[in-house]
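Chemist: Just dropping this structure here.
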Amino acid sequence: MRLAADVFVASLSAAAAAAAPGGPRSRRASVALAGGSTPRGLYRLLAAPGEPYRGCLLWEHIHFFWGDERHVPPDHPDSNFRMARETMLDPAAVPPGNVHRIPAEEPDAGSAAARYEAELVRFFALAPGERPRFDLVLLGLGEEGHTASLFPGSPVLDERTRLAAAPWVEAHREFRITLTPPAINGAALVAFLVSGEAKAAALAAVLEGELRPERYPAQIVRPDSGKLLWLVDRAAASGLSASAAR
Ligand code: 6PG
């Protein structure tokens, strides 16, 4: 997790410093957080008082978004927002105005996605057809190869214009709200965080199998001009060919 924390600090502290008063640019630093359980340890580490990371980050110049959200209220145990708030945003005293959560309490998931897209357009001052350029997008990998809430066979995999969508996810029998491939691929850096033996088969298929994004949606993440980083532990890498697993 320390390597992930180093990447988080490196990608955001430069951007935040530049966004500080008098910095070379007025644009604020921005990150889209991953949900699920893997990043929990990273978020705790970043905000931990006794660790070196908290003091490295200009939290007041960093704006927090999410890659996806379950269709639940923000205080629900399954909420990705709640997980990040409890592990990082509250402990680091991130100003509320810097937190741009997906309004997943909306009864209609499509309306939540539309509101989230409007917030992205506002924050990044996007002209029609433009994509947000997050300084960092953190993503996880599902055991069957999904990422964010881009699941195998989902129509949202073919989305080329909208920035947020609300697909029905049969595997979970629920709607999700997610960034779309264009919204993710506009980032300056996309970092996958993958841990555990259970992800080994999916990781090998995504990285070393044939290109089939409709089956392995994580393959659809190919930043237009940004960088792509895979932060993987040994257990998750155990299915990779020897050359790749070094
Ligand atoms: C979510 C995530 C999802 C997650 C993967 C991995 O809302 O669950 O965004 O894409 O990153 O499913 O989840 P774990 O980290 O819990 O294995």
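Chemist: Per residue, how large is the accessible surface of the chain? Use a 1.4 angstrom probe and give square angstrom.
Modeler: On the way: 10810 Å² over 246 residues.
That works out to 44 Å² per residue.
Chemist: Out of the total accessible area of the chain (probe 1.4 Å, heavy atoms of protein only), what percent is carbon and sulfur? Mind dumping the intermediate values first?
Modeler: Details: 5820 of 10810 Å².
Heavy-atom surface of the chain belonging to carbon and sulfur, 1.4 Å probe: 54 percent.
Chemist: Spelling out what I want: for every residue of segment 116-129, take phi, set θ = phi - 60°, compute 6.51 cos²θ - 1.76 cosθ + 1.60 (Karplus), and round to whole Hz; glycine and proline get x.
Modeler: Coupling constants for segment 116-129: 5, 4, 4, 5, 5, 4, 5, 4, 8, 6, 7, 7, x, x Hz.
Chemist: Tally the DSSP beta bridges in the chain and give the antiparallel ones as a percent, rounded to 5. Write out the running numbers ahead of the final one.
Modeler: On the way: 8 of 25 bridges.
Of those bridges, close to 30 percent are antiparallel.
Chemist: To one decimal place, what orientation-averaged projected area in nm² is obtained for the convex hull of the Cα set of segment 40-105? Intermediate values should be presented prior to the final figure.
Modeler: On the way: hull surface 17.2 nm².
Computing the convex hull of the Cα atoms and averaging its projections yields 4.3 nm².
Chemist: Based on Cβ point charges of +1 for Lys and Arg and -1 for Asp and Glu, what charge dipole magnitude is obtained for the chain about its Cα centre, in debye rounded to the nearest 20?
Modeler: Working: 26 positive and 28 negative charges, 140 e Å.
Dipole magnitude for the chain comes out near 680 debye.
Chemist: Could you run the Karplus curve 6.51 cos²θ - 1.76 cosθ + 1.60 with θ = phi - 60° over segment 149-158 and give me ³J(HN,Hα) per residue in whole Hz, x for Gly and Pro?
Modeler: Going residue by residue, I get 10, 9, 9, x, x, 6, x, 5, 5, 9 Hz, with x marking Gly and Pro.
Chemist: Translational diffusion coefficient, Stokes-Einstein: compute it for segment 29-142 using the Kirkwood radius over C-alpha pairs as Rh, at 37 °C and 0.692 mPa s, and state it as an integer in µm² s⁻¹.
Modeler: On the way: Rh = 14.7 Å.
Calculated translational D: 223 µm²/s.
Chemist: Could you give the Stokes-Einstein D for segment 189-246 in µm² per second, using the C-alpha Kirkwood radius, 10 °C, 1.306 mPa s? Mind dumping the intermediate values first?
Modeler: Numbers: Rh = 11.8 Å.
Translational D for this selection: 135 µm²/s.
Chemist: Working from the alpha-carbon coordinates of the chain, get Rg over Rh, Rh being the Kirkwood radius.
Modeler: Answer for the chain: 0.94.
The values are calculated or read from the model by the stated rules, or taken from the named source; none is laboratory data. In this text the structure is predicted, and so the values were computed from the model without any measurement. In this analysis, Cβ positions are derived from the backbone assuming ideal geometry, glycine residues included, and neighbour counts consider all displayed protein chains. Only protein heavy atoms, including side chains, enter the accessible area calculation; ligands, DNA and RNA are left aside. Shrake-Rupley method; radii C 1.70, N 1.55, O 1.52, S 1.80 Å.
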